[in-house]
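Trainee: What follows is a structure written as structure tokens; I'll ask about it next.
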Amino acid sequence: MKLEELYQSKCTSAEKLAEAVGDGWVFGMDAGPTQTEAIMAAICERAKNGSLKDIKVHTMLDAYPFAFYADSSLNGKVNGVSWFSSGGARKAISAGFADYIPNYYRDTLKLIRDNYTYDAFCIAVSPMDKHGYFSLATTSSYSEAMISKAKRIFVEVNEYQPRAVCNTQLHISQVDAVVVNNHPLPVLPPVKLDETSITIGNLIAEQIPDGACIQLGIGAIPDATGMALKSKHDLGIHTEMFTDSMVELIECGAVNNSKKQIHPFKTVTTFAFGSQRIYDYIDDNPAIMILPVDYVNDPNVICRNDNMISINAAVEVDLWGQVCAESIGPKHLSGTGGQVDYVRGATQSRGGKSFIAFESTAKGGTISKIKASLAEGAVVTTSKNDVDYVVTEYGIAHLRGQSLASRAKQLISIAHPDFRDELTFEARKRGILI
Ligand code: COA
């Protein structure tokens, strides 16, 4: 059969596809805008109005307000299981009707291959090319593993999806059903940069030499640091998430990837999510490689670029240097994502540095984010043995290789002044200030 005939023979509607779903099916999706909005909406609608039950949907960093995370009446019918947890997933996990799989992002392909089988892998793709291939558009991440463990593959073809040339490709012969769903991709609201995040961004930018290779994490501070790097030269990008500030750095000439030891002249990432500007940049662009996360986030790969700089955020840090970026006390907030992958990769790189950066206080200045001990029930994301630099608007503490007393002194010196006496008292009480 000709490629176009094969394509047409697999075309169906989201509603018809949902009709064929059986009780207990497990679905897999990857991160961000390659998630399948229409297919999931049809499955949830059918479950809501009928008898469909025990469906599980694995997701990560969601681009859509999926009903299985927004509507608790779907509990037991369709439940979300998150590999990261943000937005709707975060709320549903806290409310007790969604689940979370702890992981280092780099390990997800092996964890999927070792532990899960999917009744269907669902992915939104760009239109089929003349050879019968769909580009997995903005995301590579763990898709290859889900494809290898899926009984069926359902694609939503969207002409607004960019065609990422250096990315996993899916052939029409591998696909079981095609749903056409043309719509502009979801965008993230632009991050608001306040005075504090700009101060922190500038402090970190002073530590970054020309020619460095950067990773920026999620949140206002990594974004502010990106914007503070516009006057640098010959920067490179090897990152997990490709963001708006990175497109800005490429387009203003600060990033040219010329000094990278691996993939010179290419930007390397595992997924992209943000503005239309990002999606336009990816389209048909051989200068950006969107590759599987077990390669991109492998610390042994990350460290092969000299002067690797990673910048990530946190909820709180204790005086040992333990970093919590995932919970507020026992309350679930986020996932580990690639934080530890990049802390390790950057610290192993020649000339590399890893920064954990945050505003010194939370909740309108009432809570110090530098604590004598982490809040009860808090989750450790980056351990005391991995942590490198910690940054607030009051300065930078260099913890790696330093004693407990040195860590405590440095951390207290970058805490908000209102909390320094209390932290000093608590540190002495614990015997960690000499
Ligand atoms: N105590 C109490 N509440 C706190 C707090 C603390 N110590 N620190 C933060 N919060 C609250 C904030 O007030 C905010 O609450 P709100 O939503 O009601 O306003 C919420 O927690 C989020 O904090 P904020 O600082 O605005 O988050 P952010 O958008 O800058 O993201 C992380 C910070 C840590 C959640 C985010 O970076 C993350 O998910 N990290 C984990 C994974 C990671 O680093 N991946 C990197 C590679 S992508």
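Trainee: Roughly how many Å² is the accessible area per residue of the range 42-106, as a whole number, for a 1.4 Å probe?
Mentor: Values: 2560 Å² over 65 residues.
Result: 39 Å² of accessible area for each residue.
Trainee: Taking amide H positions as placed in the peptide plane 1.01 Å from N, state which residues far from Ala124 in sequence (5 or more) or on other chains have amide H under 5 Å from it.
Mentor: When sequence neighbours closer than 5 places are left aside, the close amide H contacts are Gln35, Thr36, Glu156.
Trainee: Place a point 7 Å from the Cα of His233 along the Cα-to-Cβ direction; which residues of the range 185-227 have their backbone N under 13 Å from it?
Mentor: Inside the label zone: 210-212.
Trainee: Still on this structure: Which residues' amide hydrogens lie under 5 Å from the amide hydrogen of Leu188, considering only partners 5 or more residues apart or on another chain, with H built in the peptide plane?
Mentor: Long-range HN contacts for Leu188: Gly274, Ser275.
Trainee: Continuing with the same structure: Provide the percentage of antiparallel DSSP beta bridges, counting only those with both residues in the range 195-429; round to the nearest 5. Walk me through the numbers on the way to the answer.
Mentor: Working: 11 of 34 bridges.
Taking every DSSP beta bridge within the range 195-429, about 30 percent pair in antiparallel fashion.
Trainee: Another question, if that's okay. Where nothing but the Cβ of Lys and Arg (+1) and of Asp and Glu (-1) is charged, how large is the charge dipole of the chain around its Cα centre, in debye to the nearest 20?
Mentor: Working: 41 positive and 49 negative charges, 197 e Å.
Charge dipole of the chain: 940 debye, to the nearest 20.
Trainee: Please work out whether the range 203-305 counts as rounded, prolate or oblate from its C-alpha gyration tensor, where a ≥ b ≥ c are the square roots of the eigenvalues and a/c under 1.5 means rounded, while otherwise a/b larger than b/c means prolate and anything else oblate? Don't skip to the answer; put the middle values down first.
Mentor: Numbers: a/c = 1.30, a/b = 1.08, b/c = 1.20.
Since a/c stays below 1.5, the shape of the range 203-305 is classed as rounded.
Trainee: Now a separate question. What is the percent carbon and sulfur in the accessible area of the range 195-429, measuring with a 1.4 Å probe over the protein chains and ignoring ligands? Working shown, then result.
Mentor: Working: 4250 of 8590 Å².
That share works out to 49 percent.
Trainee: Calculate one ³J(HN,Hα) per residue across the range 207-222 by plugging θ = phi - 60° into the Karplus curve 6.51 cos²θ - 1.76 cosθ + 1.60, and present them in order as whole Hz with x for glycine and proline.
Mentor: Calculated HN-Hα couplings, in order: 8, 9, x, 4, x, 5, 10, 10, 10, 10, x, 8, x, 5, 6, x Hz.
Trainee: Would you mind telling me the share, in percent, of accessible area of the range 3-180 contributed by carbon and sulfur at probe 1.4 angstrom? Each step should come with its number before you reach the end.
Mentor: Working: 3290 of 6700 Å².
Accessible surface attributable to carbon and sulfur in the range 3-180 totals 49 percent.
Trainee: For Asp421 and Lys363, compute 0.36 nm times the residue count separating them, minus their Cα-Cα distance, and round to one decimal in nm.
Mentor: Computed gain between Asp421 and Lys363 is 18.9 nm.
Trainee: When the Karplus curve 6.51 cos²θ - 1.76 cosθ + 1.60 is applied with θ = phi - 60°, which whole-Hz ³J(HN,Hα) does each residue of the range 182-194 get, with x for Gly and Pro?
Mentor: 7, 6, x, 6, x, 10, 8, x, x, 6, 7, 9, 9
Trainee: Give me the angle, in degrees from 0 to 90, between the Cα long axis of helix 404-414 and the longest principal axis of the Cα atoms of the chain, rounded to the nearest 10.
Mentor: Rounded to the nearest ten degrees, it is 80.
Trainee: Another question, if that's okay. Does anyone have the angle between helix 37-49 and the longest principal axis of the chain? Alpha-carbon axes, 0 to 90°, nearest 10?
Mentor: On a 0 to 90 degree scale, this one is about 80.
Trainee: Now for a different question. Compute the angle between helix 195-205 and the longest alpha-carbon principal axis of the chain, please, reported from 0 to 90 degrees and rounded to the nearest 10.
Mentor: Once rounded, the angle reads 80 degrees.
Trainee: Could I ask something else about it? Put +1 on the Cβ of every Lys and Arg and -1 on every Asp and Glu Cβ in the range 293-418; which of Met308, Gln410, Ile356 then has its Cα farthest towards the positive end of the dipole?
Mentor: Value computed over the given set: Gln410.
Trainee: Could you work out the relative contact order of the range 195-429, using alpha carbon pairs under 8 angstrom and six or more residues apart, expressed as a whole percent? If you can, show how the numbers build up before the last one.
Mentor: Working: 539 pairs, mean separation 42.2, N = 235.
Taking the mean separation of contacting Cα pairs over the length of the range 195-429, I get 18 percent.
Trainee: Under 5 Å between amide hydrogens, which residues at least 5 positions from Leu333 or on another chain qualify, with H placed 1.01 Å from N in the peptide plane?
Mentor: Ser327, Ile328
Trainee: Can you give the FRET efficiency for Ser403 and His131, using 1/(1 + (r/R0)^6), R0 = 45 Å, r = Cβ-Cβ distance, to the nearest 0.05?
Mentor: About 0.15, to the nearest 0.05.
Trainee: With a probe of 1.4 Å, find how much accessible area the range 269-376 has per residue, and write the answer as a whole number in Å².
Mentor: Values: 3560 Å² over 108 residues.
Accessible area per residue, the range 269-376: 33 Å².
Trainee: For Cα pairs less than 8 Å apart in space and 6+ apart in sequence, what is the mean separation divided by the residue count of the range 3-180, i.e. the relative contact order in percent?
Mentor: Numbers: 385 pairs, mean separation 43.9, N = 178.
It rounds to 25 percent for the range 3-180.
Trainee: So for the range 91-236, averaging the separation of alpha carbon pairs under 8 Å that are six or more residues apart and normalising by length, what relative contact order in percent results? Provide the component values of the computation, followed by the final result.
Mentor: On the way: 211 pairs, mean separation 26.3, N = 146.
Relative contact order here is 18 percent.
Trainee: Going by the alpha-carbon gyration tensor, a ≥ b ≥ c the square roots of its eigenvalues, is the range 131-217 rounded (a/c under 1.5) or, if a/c is not under 1.5, prolate (a/b greater than b/c) versus oblate?
Mentor: On the way: a/c = 3.15, a/b = 2.21, b/c = 1.42.
Note, shape of the range 131-217 comes out prolate.
Trainee: With charges set only on the Cβ (+1 for Lys and Arg, -1 for Asp and Glu), what does the dipole of the range 3-180 come to about its Cα centre, in debye to the nearest 20? Let's see the in-between values first.
Mentor: Details: 17 positive and 20 negative charges, 72 e Å.
In total the dipole reaches around 340 debye.
Trainee: Quick one: grab the alpha carbon gyration tensor of the range 195-429, order the square roots of its eigenvalues as a ≥ b ≥ c, and give me rounded if a/c is under 1.5, else prolate or oblate depending on whether a/b is larger than b/c. Intermediate values should be presented prior to the final figure.
Mentor: Numbers: a/c = 1.87, a/b = 1.84, b/c = 1.02.
Prolate shape, in that a/c is at least 1.5 and a/b is the bigger ratio.
Trainee: Next question. Quick one: what are the phi-derived ³J(HN,Hα) couplings along the range 238-253, Karplus 6.51/-1.76/1.60 with θ = phi - 60°, whole Hz, x for glycine and proline?
Mentor: 9, 9, 7, 10, 8, 10, 4, 5, 6, 4, 4, 5, 5, 6, 8, x
The values are calculated or read from the model by the stated rules, or taken from the named source; none is laboratory data. Everything numeric here is computed off the predicted structure, so don't read it as measured data. Reconstructed Cβ throughout: ideal geometry from the backbone, glycine too, with neighbour counts over all protein chains shown. Ligands, DNA and RNA are stripped out before the accessible areas are found, and what is left, the full protein with its side chains, is counted by its heavy atoms. Shrake-Rupley method; radii C 1.70, N 1.55, O 1.52, S 1.80 Å.
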